[in-house]
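Visitor: Have a look at the structure that comes next, please.
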Amino acid sequence: MTLTEHAQRNRDAWTAQAPEYAANAERAWAQEDVTWGVWEIPDAEVHALPDVAGKDVVELGCGTAYISAWLARRGARVTGVDITPAQLETARAMQSKHALEFPLVEASAEDVPLPDASFDLAVSEYGASIWADPYLWIPEASRLLRPGGELVFLVNGTILVLAFQEQEIPPNEQLRRPYFGMHRFEWPDEDGIDFHLGYGDWIRLLRANGLEVEDLIELQAPPNAERHRYDALPGPEWARSWPSEEIWRARKVA
């Protein structure tokens, strides 16, 4: 497996963080509902996912593969793809514990060793969607999809990225960086590299790869939302006023 420079750095960073995500995997795998993001908003409310029963699904940047598990329980034929062996080790332990088996592939979402037109749905929730270069993983997602297949992915809200602090401090109402030219982000005291685009760049990139945007779902923290465990992300009061997370839905042109 040949990795880009940023992919190798992210693999190293996620290897170091894998133990702390193992405990969350226990909770997530035991969960029955499909939910999105740090506010755990039910898909039944936002309708981001199609009916997956009987469909071939690939999760790009699956981590501990809890999203894959949720979809497999709903009748999907799932394949999880992730770059980090330690995360996949946790995923396999969860498979054994929950008696739920599906393929797990160690690979970068920027270069997936699976055939063209193999899947009806590609999904990513804080996986490839922010940790892989979109100019590399979006073409791969499109290649993997059959005509008419769907791509559904969750990212940090664009307004949130513009308001991010430089340290582990939640954002306030101030914008701190330019909107134009968004792409690769490196943060002080962070080993990993993440990627964020502006709305126009996302739309042009998706269209250039044969994907038509069907929806952009801007998630709002619910009134009863509780504080999550990520110090750098905003609390519920901020996220009730501005979208801290966004779900893109696109379909491959038949």
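The values are calculated or read from the model by the stated rules, or taken from the named source; none is laboratory data. Just so you know, these numbers come straight off a predicted model, no measurement behind them. Counting neighbours? That spans all protein chains shown, and the Cβs are built from the backbone with ideal geometry, glycine included.
Visitor: Between E110, E101, which is of a type outside the set (S, T, N, Q) and within 19 Å of the chain's Cα centre (by Cα)?
Guide: Of the residues listed, the single one that is of a type outside the set (S, T, N, Q) and within 19 Å of the chain's Cα centre (by Cα) is E110.
Visitor: A further question on this structure: Just one of (1) buried (at least 20 other Cβ atoms within 10 Å of the Cβ); (2) out of contact with any strand residue (DSSP E or B) (no Cβ under 6 Å at 6 or more places or on another chain); (3) at pLDDT 95 or above; (4) over 24 Å from R11 (Cβ atoms) trips up G200, so point out which.
Guide: G200 satisfies every listed condition except (1).
Visitor: Could you tell me whether the stretch 225-235 includes any residue that is surrounded by fewer than 15 Cβ atoms within 10 Å (Cβ to Cβ), within 22 Å of D43 (Cα to Cα) and touching a residue at least 12 places away in the same chain (Cβ under 8 Å)?
Guide: yes
Visitor: Could you identify the single residue in A250, A254, A141, A239 that is part of a loop (DSSP other than H, G, I, E, B) and aliphatic (A, V, I, L, M)?
Guide: Every option except A254 fails the conditions.
Visitor: Of a type in the set (D, E) and exposed (fewer than 13 other Cβ atoms within 10 Å of the Cβ), is that true of E218?
Guide: For E218, the condition - of a type in the set (D, E) and exposed (fewer than 13 other Cβ atoms within 10 Å of the Cβ) - is not met.
Visitor: Filter the stretch 69-80 for residues that are under 15 Å from the mean Cα position of the chain (by Cα) and free of Cβ contacts under 8 Å to residues at least 40 places away in the same chain and give the result.
Guide: Those that are under 15 Å from the mean Cα position of the chain (by Cα) and free of Cβ contacts under 8 Å to residues at least 40 places away in the same chain: W70, G80.
Visitor: Please go through the stretch 1-41 and give me each residue that is aliphatic (A, V, I, L, M), at pLDDT below 95, touching a helix residue (DSSP H, G or I) at 6+ places or on another chain (Cβ under 8 Å) and not in a helix (DSSP H, G or I), ordered by number.
Guide: If the condition is that a residue be aliphatic (A, V, I, L, M), at pLDDT below 95, touching a helix residue (DSSP H, G or I) at 6+ places or on another chain (Cβ under 8 Å) and not in a helix (DSSP H, G or I), then L3 is the only one that fits.
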